[in-house]
Structures are given as structure tokens and as C-alpha cells.
Amino acid sequence: MTQSKQSALPAGFRLEEYTIVRELSSGGFSQVYLALDQYDRKFAIKEYLPLDMTQRLPDGGVTMLSELDREAFRLGLKCFFEEARVLATIHHPNIVRVESFFRANNTVYMVMEYTEGRPLGKELELSDGRLSEVRLRKLFAELISGLREVHLQHLLHLDIKPANIYLRRNGSPVLLDFGAARQTVRRPGQAFAAMFTPGYAAPEQYDAKARLGPWTDIYGMGACMYTMMGGGRLLSADERLKEDKLPLARDAFARYYSPQLLALVDCCLLLDTQKRLASLSQMQKCLLATDYVTPPPVRSLWQQGRGWVGALLGRKP
């Protein structure tokens with residue numbers, strides 16, 4: 001049987017009781033599809049498909065490009081399956097719901113709720129480039145509530161970034177696309193950087209011998225908060241290790257956020273895991289605190305000018 005260059009399953013393809021509608025996203029580790037069940041309910045189906053190791057056959061099956069990759073593929077498959085099994089036991093409003101998982105086409109599929117909404121990054125466009133402190137605290141406190149449930153099941157996310165945080169239509173955040181399994185899919189000597197998003201990945205994710213833990217996801221949370229404060233994507237952690245040019249949040253955003261929140265973000269982004277904030281409960285407690293004072297809104301020169309004119313005319317600015 002000859003191989004096809006097509007990597008995504010085509011529209012109309014049947015996977016057990018599901019019918020593929022279209023591809024939602026594609027990465028080096030997996031494909032995600034929009035699918036309908038027999039009652040026309042929408043689901044997102046994630047397919048384990050490390051593209052540099054596999055190729056699609058005309059019948060939809062997955063085959064190895066090289067026998068040398070078979071062991072790495074099997075290890076990643078096992079971890080993907082275990083990740084799906086654990087996520088299926090978690091019922092939390094801020095964690096994507098895994099409905100089922102199954103084997104087919106020589107790989108594994110994870111069936112998840114289809115989240116209607118928009119990625120967190122879209123909020124920046126609607127909020128003049130940064131979220132308010134109240135909004136930021138609320139969103140991330142809710143996300144941490146869900147992430148704590150994940151950590152209690154001895155599972156890490158390892159790919160926390162704005163693109164993997166969706167806001168439902170009711171405004172509540174949900175954490176998507178776990179990346180723990182993809183950490184295992186690599187050839188001997190392959191850098192970890194290809195398996196996650198630079199700027200949001202902690203420095204220990206670049207070291208095959210380093211120990212990962214809740215503190216690794218805390219770095220990702222801190223990086224997301226930094227971005228949502230208006231800082232853009234951070235320098236990659238491996239570059240920071242060579243020369244740390246990342247401005248501290250307390251310096252970059254002092255005009256917009258309370259000292260307590262800025263100190264929290266800076267503590268989450270420490271390169272040294274021994275000094276970095278290591279407790280999600282501590283992080284959540286800080287976010288839920290109410291004994292903080294946010295600096296008054298920064299007024300533009302135009303707004304200040306209006307105020308001066310109004311004062312001269314005896315009106316309130």
C-alpha cells in the first residue's frame with residue numbers, strides 16, 4: 001500500500017460513532033478535529049500523530065516512517081493514552097472535559113468537549129492591550145482551581161500558554177491541550193524545545209535530566225499573566241539562562257497593577273526552581289486576596305488636557 005502525503009483525516013471520515021467535519025488545529029505532536037456524533041453533537045477529537053515519525057496511509061491508518069522511531073512512538077502513545085485516561089476522571093469547569101478515548105488507525109484518539117468561545121489572547125485586542133487587575137486575578141484564580149485538580153491526579157500540563165486557554169461565552173476560562181505526553185516523544189538527543197512553546201516553557205523543560213513538577217506549570221501561568229499585562233511573549237527560558245534581559249513585572253507594569261500582583265508574577269518567573277513559587281494554593285490565595293490597591297488609571301495627555309480645560313471652565317474633568 002502506498003503512502004499519502006495527506007496528514008489530516010478528511011471531512012466525512014468515520015471514527016467509531018463520530019464523523020470528522022474539519023481540522024481545527026495541527027502541530028508536531030497531534031491533529032485536532034471538529035467532529036459530530038450520531039446526534040449531531042459537536043466534539044473536538046485529538047489524534048496522537050507525531051508528524052516527524054509517522055505518515056498517513058490512504059485508508060486513514062498511521063504508519064512509521066522509520067523502524068528506528070517505533071519505540072519512541074510507542075512510549076508517546078502509552079503516555080497519550082494514560083493522559084486521556086486521567087483527564088477523563090476529572091470533572092472541573094475550568095479543565096477541558098474528556099468524554100472518551102479509543103484506539104483506531106494504529107494510534108489513539110481523545111474525544112473532548114467542543115469549547116465555544118475565543119482564545120485568551122483575543123482579550124488583549126478587546127482590552128487595549130492589557131487586562132485589568134480585577135479581570136486578571138479572577139481568570140487565573142479560576143484556572144488554578146482547575147489545574148490543582150489535575151496536579152492532584154499526578155498529571156502536569158506542561159504547555160500553558162494563552163492559545164491553550166479559552167474563554168467560554170459566559171466568560172469562564174477553560175484549560176485545553178495538555179502537553180505532558182508530548183514531552184516523551186523525541187528521538188535520542190532531540191531538544192525538548194520542539195515539543196513546547198518557547199516563551200511559556202520553564203527552563204527545566206529544556207533539560208532532559210531536570211525534574212519537572214507543579215513549579216513547571218507555575219512558570220507557564222506566570223508567563224501568561226505577564227503576557228496579559230501587555231508584555232507580549234517572553235524571551236525563551238534557555239535564552240534567559242544565558243543572559244536574562246526580561247524586565248521584571250514590578251518595573252514594566254508598576255503604573256497599572258498592584259505591587260502584590262507584580263511580585264507574584266515575578267516570583268512565578270524565577271529561573272531557579274528552588275526560588276520560584278512552588279505552590280498553586282499559595283498562588284491562588286494571593287490572586288484571591290482583596291487587600292491590595294491598584295494604581296489609578298493612567299491618563300493620556302489628551303485626557304489631562306480635557307481635565308485642565310474643564311477646571312478652567314469650572315467643570316469636572
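The values are calculated or read from the model by the stated rules, or taken from the named source; none is laboratory data. None of these values were measured; they are calculated from a predicted model. Positions of Cβ are backbone-derived with ideal geometry, glycine not excepted, and every protein chain shown enters the neighbour counts.
Can you tell me which residue within the range 220-252, out of those that are farther than 22 Å from ALA210 by Cβ and small (Gly, Ala, Ser), is surrounded by the most Cβ atoms within 10 Å (Cβ to Cβ)? Residue satisfying both the conditions and the ranking: ALA249. Checking each residue in the range 74-99 for being under 15 Å from LEU175 (Cα atoms), out of contact with any Lys or Arg (no Cβ under 8 Å at 6 or more places or on another chain) and without any contact (Cβ under 8 Å) to a residue 40 or more places away in the chain picks out ALA84, ALA88, ARG97, VAL98. Of the residues LEU167, LEU176, LEU131, LEU126, only one is modelled with pLDDT under 90 and either assigned by TED's automatic domain parsing to the domain that holds GLY213 or buried (at least 17 other Cβ atoms within 10 Å of the Cβ) (or both); which? So the residue among LEU167, LEU176, LEU131, LEU126 that is modelled with pLDDT under 90 and either assigned by TED's automatic domain parsing to the domain that holds GLY213 or buried (at least 17 other Cβ atoms within 10 Å of the Cβ) (or both) is LEU126. Take LEU77 and tell me if it is out of contact with any His (no Cβ under 6 Å at 6 or more places or on another chain), surrounded by fewer than 17 Cβ atoms within 10 Å (Cβ to Cβ) and over 30 Å from ARG135 (Cα atoms). No: the conditions fail for LEU77. Those strands (runs of 3 or more DSSP E) of the range 14-91 in which 1 or more residues are over 24 Å from THR197 (Cβ atoms) and at pLDDT below 95 occupy 54-56, 62-64.
Could you please find all residues in the range 97-144 being among the hydroxyl-bearing types (Ser, Thr, Tyr) and either more than 15 Å from the chain's Cα centre (by Cα) or at positive phi (or both)?
Residues satisfying the conditions are SER100, THR107, TYR109, TYR114, SER127, SER132.
Here's the yes/no breakdown for (1) out of contact with any Ser or Thr (no Cβ under 7 Å at 6 or more places or on another chain); (2) loosely packed, with under 13 Cβ neighbours inside 10 Å; (3) outside the structural domain of ILE160 (by TED's automatic domain parsing); (4) not polar (S, T, N, Q):
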| site | (1), (2), (3), (4) |
| --- | --- |
| GLU47 | no, no, yes, yes |
| PRO50 | yes, no, yes, yes |
| GLN55 | no, no, yes, no |
| VAL62 | no, no, yes, yes |
| THR89 | yes, yes, yes, no |
| ASN94 | no, no, yes, no |
| PHE101 | yes, no, yes, yes |
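Condition first: free of Cβ contacts under 8 Å to residues at least 40 places away in the same chain and of a type in the set (Asp, Glu). Now tell me which residues in the range 1-60 satisfy that. Of everything in the range 1-60, those that are free of Cβ contacts under 8 Å to residues at least 40 places away in the same chain and of a type in the set (Asp, Glu) turn out to be GLU17, GLU23, ASP37, ASP40, ASP52.
Number of residues in the range 153-178 that are in contact with a helix residue (DSSP H, G or I) (Cβ under 6 Å, 6 or more places away or on another chain) and without any contact (Cβ under 8 Å) to a residue 60 or more places away in the chain equals 0.
Pairing residues of the range 126-152 that are of a type in the set (Phe, Trp, Tyr) with residues that are surrounded by 14 or more Cβ atoms within 10 Å (Cβ to Cβ), at Cβ distances under 7 Å and at least 6 apart in sequence or on separate chains, gives PHE140/MET221; PHE140/MET225; PHE140/LEU287.
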